1. Starting from the exponent 0.38 and prefactor 2.2 Å, build the expected Rg for the range 49-132 from its residue count and divide its actual Cα Rg by it.
2. Largest first and in whole Å, what are the equivalent-ellipsoid semi-axes of the range 192-248 based on the Cα gyration tensor, each being the root of 5 times an eigenvalue?
3. Pop a pseudo-label 7 angstrom from the Cα along the beta-carbon direction at both ASP68 and ASN114 and give the gap in nm to one decimal.
4. Using heavy-atom solvent-accessible surface (probe 1.4 Å) with all chains present, what is the largest-first order of PHE106, PHE308, PHE58?
5. Taking θ as phi - 60°, what are the ³J(HN,Hα) couplings along the range 45-61 by the Karplus curve (6.51, -1.76, 1.60), each to the nearest whole Hz, with x for Gly and Pro?
6. For the range 222-230, what does the Karplus curve 6.51 cos²θ - 1.76 cosθ + 1.60, with θ = phi - 60°, yield as ³J(HN,Hα) per residue in whole Hz, taken in order and with x for Gly and Pro?
7. State the extension gain, in nm to one decimal, for the chain segment bounded by ASP173 and VAL102, taking 0.36 nm per residue of separation less the distance between their alpha-carbons.
8. Ordering LYS296, LYS176 from largest to smallest accessible area (1.4 angstrom probe), what's the sequence?
Amino acid sequence: MASPMRLSRRTLTLTVGLSFLTVLTCLVAFLPVPYVTMRPGPVFNTLGDLDGTPMLTFGKGVRTYPTDGRLDFTTVSVTRAESRMSLSGAIEGWLDPNVAVVPHDFVYPDRQTNEQSQAEGAAELASSQDASRAAALKAAGFTVKELPKVAQVVEKGPAEGKLEAGDLILTVDGRKVDDQAAVGEAISARKPGTEVTIGYRRDGKDGTATITTTAMPDDPKKARVGISVGTGFEFPIEIENNIGDRVGGPSAGTMFALAIYDELTPGPLTGGQNVAGTGTIDPDGNVGAIGGVRQKMAGAAKAGADVFLVPAQNCQEATDGGDFDMTLVKVEKLQDAIDAVGALAKNPKTKVASCE
C-alpha cells in the first residue's frame with residue numbers, strides 16, 4: 001500500500017501536469033492564425049426605406065411607378081483587416097457550413113489596413129452605383145451619354161484643389177474631349193511647365209480649371225496634371241442612392257439596377273415576391289462574379305427570400321450545397337434578371353434559367 005506522502009506527491013504531479021496542459025491548450029487556442037471569416041451579413045431592400053429615407057430617390061418631375069415585394073441586395077460580414085483571428089475562432093468557422101474561412105491575404109492583399117480597405121470599398125461602391133444607374137436607365141429606354149471623368153486626383157499634384165474625383169471632363173483648352181484617350185492625348189501633347197485649361201462639370205454646374213503641367217516621370221517631354229481618368233455618365237434624370245457608407249464594394253450593382261428599372265417602369269416587377277440577389281454590373285448591363293455567394297444565400301434565406309439571383313460565374317459555387325429552399329436564377333445580363341423576375345411574378349413555378 002502506497003504511503004500517504006507518496007500518494008500526495010503523485011497526485012500533486014498529476015494535478016500540476018493537467019494544469020500545465022490546460023494552460024497550454026488555452027494558449028494554443030488563442031494563438032493568432034492568418035485567416036479571416038466570411039459570414040452572412042445583413043440584407044437591404046432596395047425598394048424600401050433606410051432609416052426613414054427611401055433607398056432610392058428621384059429628381060423632381062421624374063415619373064416613377066408603384067412597386068411591390070422586395071428586391072434585396074445581400075452582404076457578407078468579413079473580419080476586419082487589422083483584426084487577428086484565433087485558432088479557436090478559425091475552427092469554429094470551419095465547423096459552420098454557412099461560414100467560409102479564407103487566407104487573410106486573399107481578402108486583404110499587400111498588408112492592407114482597415115482604412116485602406118474601407119476606402120477601396122467606398123470607391124467600388126460609388127463606381128457600382130454609377131454603373132447600375134446607367135444600366136437601369138438604358139434598360140428602361142433612356143439615353144445615357146458617356147463622358148471622361150476624373151477618377152482620382154494625385155495628392156500634392158498640379159490638379160489638387162482645382163479638380164475633384166467625380167468631375168466630368170468636357171474640354172481641354174476649349175476643345176471637346178469624348179473619352180479617356182482624348183483627354184490623355186490632349187494633355188500629354190502640351191509642353192511640361194505650360195498651362196492647360198480643363199473644362200469640367202461638377203454637381204451639374206460647369207466650370208474651368210487652369211493648371212500648370214509637370215513632366216511625366218517616364219517621359220520628360222510629355223505633360224501631366226496629376227489625375228487619373230475613367231468613364232463617367234451624363235444622366236438624363238437625377239437618381240440618388242442613399243445607402244451611404246453602410247456597405248462597400250461593387251456586388252450590389254445588379255440589385256440596385258433592378259430596383260431603379262422597377263421604379264421607372266409600369267407594373268410591380270416582383271409580383272409581391274421576396275427576391276434577393278447579388279452581382280456586379282457594368283454600364284451595358286453585364287453581370288459579374290462576386291465573392292461569398294453561399295454566405296449571401298444564407299443571409300437571403302434568413303430574411304425570407306423566395307428567389308435568389310446568382311451571377312452565372314458563381315453558379316457552381318452556389319449549388320455546392322443546398323438551395324435554402326429558394327429558386328436560384330442564373331443571370332448573365334440585367335435583362336436576364338428582369339425577364340426571370342417578371343416571369344416568376346406571373347407564375348412562381350415557371351421554368352427560368354437556373355443554376356443546375
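1. 1.56
2. Working: eigenvalues 204, 54, 17 Å².
Ellipsoid half-lengths, sorted descending, are 32, 16, 9 Å.
3. That separation, rounded to one decimal, is 4.5 nm.
4. On the way: PHE106 155, PHE308 0, PHE58 45 Å².
The ordering from most to least exposed comes out as PHE106, PHE58, PHE308.
5. 7, 5, 8, x, 9, 10, 6, x, 10, x, 4, 10, 10, 10, x, 4, x
6. Listing the rounded values in order: 10, 9, 8, 10, x, 9, 10, 10, x Hz.
7. On the way: separation 71, 0.36 × 71 = 25.56 nm, distance 5.05 nm.
Extra length available between ASP173 and VAL102 comes to 20.5 nm.
8. Details: LYS296 10, LYS176 140 Å².
Largest accessible area first, the residues go LYS176, LYS296.
The values are calculated or read from the model by the stated rules, or taken from the named source; none is laboratory data. Keep in mind that this is a model prediction, so the values were computed, not measured. FYI the Cβ positions are ideal-geometry reconstructions off the backbone, even for glycines, and counts take in every protein chain you see. Each accessible area value is taken on the protein alone, full model and side chains, heavy atoms only, with ligands, DNA and RNA left out. Shrake-Rupley method; radii C 1.70, N 1.55, O 1.52, S 1.80 Å.
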